[in-house]
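Asks: Before I ask anything, let me first share the structure, which is written out below as structure tokens.
Each reported figure results from applying straightforward, stated rules to the coordinates on display, with no laboratory input. If you're wondering where the values come from, they're calculated on a predicted model, not measured in any experiment. All Cβ positions, glycine included, derive from the backbone under ideal geometry; neighbour counts span all protein chains shown.
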Amino acid sequence: METPEPSRLSLLKEYLGNDAVQIKEMVQLFLETFPADLLELETACQNHDFTKLQKTSHRLKSSVQLFNIGVAREKIVLIESRAKSHEDCNGIFQLVQQFKSCMQDEVKNIRTELQRL
């Protein structure tokens, strides 16, 4: 028997005291800003802008952690670390693409959970 995946909103609910209004606001804010943050991450990588890569990945790391997305968190932590040490942008770009792929499904899951609130 397979264990069900934890709610993507469980940590957010705990953090906000299960306040449905605040939870919805936070989730909607994330859903509105995430596409631009992801584009910023990709653009910074293409431009070899390690400072912007580091700052954007750091900001995304907080959101990914708050939404309890372990696999994506691993990728974004690596991106931040490699950007900090100015490692190869091609390798970072591959990580960004893996992060993006992982997050596409997770964003759908988060939207679904938002609708259930």
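Asks: Suppose every K and R has +1 on its Cβ and every D and E has -1 on its Cβ; what is the size of the dipole of the chain about the Cα centre, in Debye to the nearest 20?
Replies: It works out to roughly 120 debye.
Asks: So, one more: Taking θ = phi - 60°, what integer Hz values does the Karplus form 6.51 cos²θ - 1.76 cosθ + 1.60 yield along region 41-53, in sequence order, with x for Gly and Pro?
Replies: Result, ordered by residue: 5, 5, 5, 4, 5, 4, 8, 6, 8, 5, 5, 5, 4 Hz.
Asks: Divide by every residue of the chain the summed helix terms, -39500 (n - 2.57) for each DSSP H run of at least 4, and state the resulting mean residue ellipticity at 222 nm, rounded to the nearest 500 deg cm²/dmol.
Replies: The per-residue figure over the chain is -27000 deg cm²/dmol.
Asks: May I pose another question? Could you name the lysines whose alpha carbon sits less than 24 Å from that of K84, not counting residues in the same chain fewer than 8 places away?
Replies: Cross-link targets: K52, K55, K61, K75, K100.
Asks: Using a ≥ b ≥ c from the Cα gyration tensor of region 46-112 (square roots of the eigenvalues), is it rounded, prolate or oblate, where a/c under 1.5 gives rounded and otherwise the larger of a/b and b/c decides, a/b for prolate?
Replies: Because a/c hits 1.5 or more and a/b exceeds b/c, region 46-112 counts as prolate.
Asks: Can you give the percent of C-alpha pairs in the chain whose distance is more than 22 Å?
Replies: 35 percent
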